[in-house]
1. Could you compute the FRET efficiency for residue 95 and residue 44, with r as their C-beta to C-beta distance and R0 at 56 Å, rounded to 0.05?
2. Roughly how many Å² of residue 211 are accessible to a 1.4 Å probe, to the nearest 10?
3. Could you rank 166, 238 by how accessible they are, 1.4 Å probe, largest area first?
4. Dipole size in debye (nearest 20) for region 190-328 around its Cα centre, Lys and Arg Cβ +1, Asp and Glu Cβ -1?
5. Let me check something: with ligands and nucleic acids excluded, how do 279, 148 order by accessible area (1.4 Å probe), largest to smallest?
6. For the chain, what is the mean residue ellipticity at 222 nm derived from helices alone (per DSSP H run of n ≥ 4: -39500 (n - 2.57); sum divided by total residues; nearest 500 deg cm²/dmol)?
7. What accessible surface, in Å², does a 1.4 Å probe find on residue 164, ignoring ligands, DNA and RNA and rounding to the nearest 10?
8. To the nearest 20 Debye, how big is the dipole of region 55-198 about its Cα centre, given +1 on the beta carbon of each Lys and Arg and -1 on that of each Asp and Glu?
Amino acid sequence: MTPAASFAPPADAPGAISPVLAEVVRSGFVEGHHRGSLVLLAADGSVELALGDVTAPVFPRSANKPMQAAAVLRAGLQLSGERLALAAASHSGEVFHRDLVQKMLAEHGLTAAALQCPKDLPLDPVEAETYLASGAVRDRVTMNCSGKHTAMIAACALNGWDTDSYLDPEHPLQQLVLDVVEEAAGESVAAVGTDGCGAPLMALTLPGLARAFRHFVLAPEGSAERRVADAMRAHPEYVAGTRRPDTWLMREVPGTLSKMGAEAVQAVALADGRALAFKVDDGAGRALGPVLARALTMLGVDAPVVGRIGRSPLLGGGVEVGEIRAAF
């Protein structure tokens, strides 16, 4: 009888152990691994590469935000430029982010008390230190999803929809979000959960998530999807922050749409329709950059920013002694 320990299911079999996407190398010694799943789409939308069980649904987390922003446009809310980018943002909580959220609230006759996202510190650790040193405390405006929540409440007020229940999955706005997500992904939402900010969260397969981003960059000019993509690409610092890979990539590779999500999710679409999506199983954000850089290289992106995104050094005694590196 063959010992059970000798059996290993195929890497792409349902329930199989996910392949290693990144490895942790300290002083030349591999001390750990980050496993996950990844899909690359060719310009025509066909699957070029699939690693792991990409048919298993995942929560895209904040990678769903472009779809949520498109839904508020479909609801009739007039947003453009930096304001629309901020509606699709996981912003860093820098001063210019907080200032614009406050302006948007005032423009729509709202106050921060209307926001139902939790109070938080700036997402960017450098900004958080400065923020705390100034004597400031956790605030809803500072929370990275405050732009999205402001846009959602404003859309509800515009339509006469209840603003107290705007995070209920059955609310008209959230049903509109569901429609946008399914249309863009080309598949049915597999599950609905609750995101860290309290908003409904729609699960998709990784190919579905990559298709959604491809759909946004290829959408007709003037459509809600294209307007969101154009705003994000024109104002990437409002989508993320001055020290964030999404900003760097959209700024330095023209036409690229990029959005990360919590628990180590990433989706990207290039101007010609090539796209990628991946999820690191253990949610380790430190693996995002190296995996993203390798995936971009495999899609044919050749730009200095790829190397910058891919750097994830390990320190020992304050000195670089190793790195997180892609392993596929």
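1. Details: r = 43 Å, r/R0 = 0.77.
E(calc), rounded to 0.05, equals 0.85.
2. 80
3. Numbers: 166 0, 238 40 Å².
Greatest to least solvent exposure: 238, 166.
4. Charge dipole, region 190-328, about its Cα centre: 120 debye, nearest 20.
5. Values: 279 30, 148 5 Å².
Result, largest first: 279, 148.
6. Mean residue ellipticity, 222 nm, calculated: -11000 deg cm²/dmol.
7. Residue 164 exposes around 120 Å² with every protein chain in place.
8. 220
The values are calculated or read from the model by the stated rules, or taken from the named source; none is laboratory data. Everything numeric in this text was worked out from a predicted model, so none of it was measured. Please note: Cβ atoms are built from the backbone with ideal geometry, for glycine as well, and neighbour counts cover all protein chains shown. Accessible surface is based on the protein model in full, side chains and every heavy atom, while ligands, DNA and RNA are left aside. Shrake-Rupley method; radii C 1.70, N 1.55, O 1.52, S 1.80 Å.
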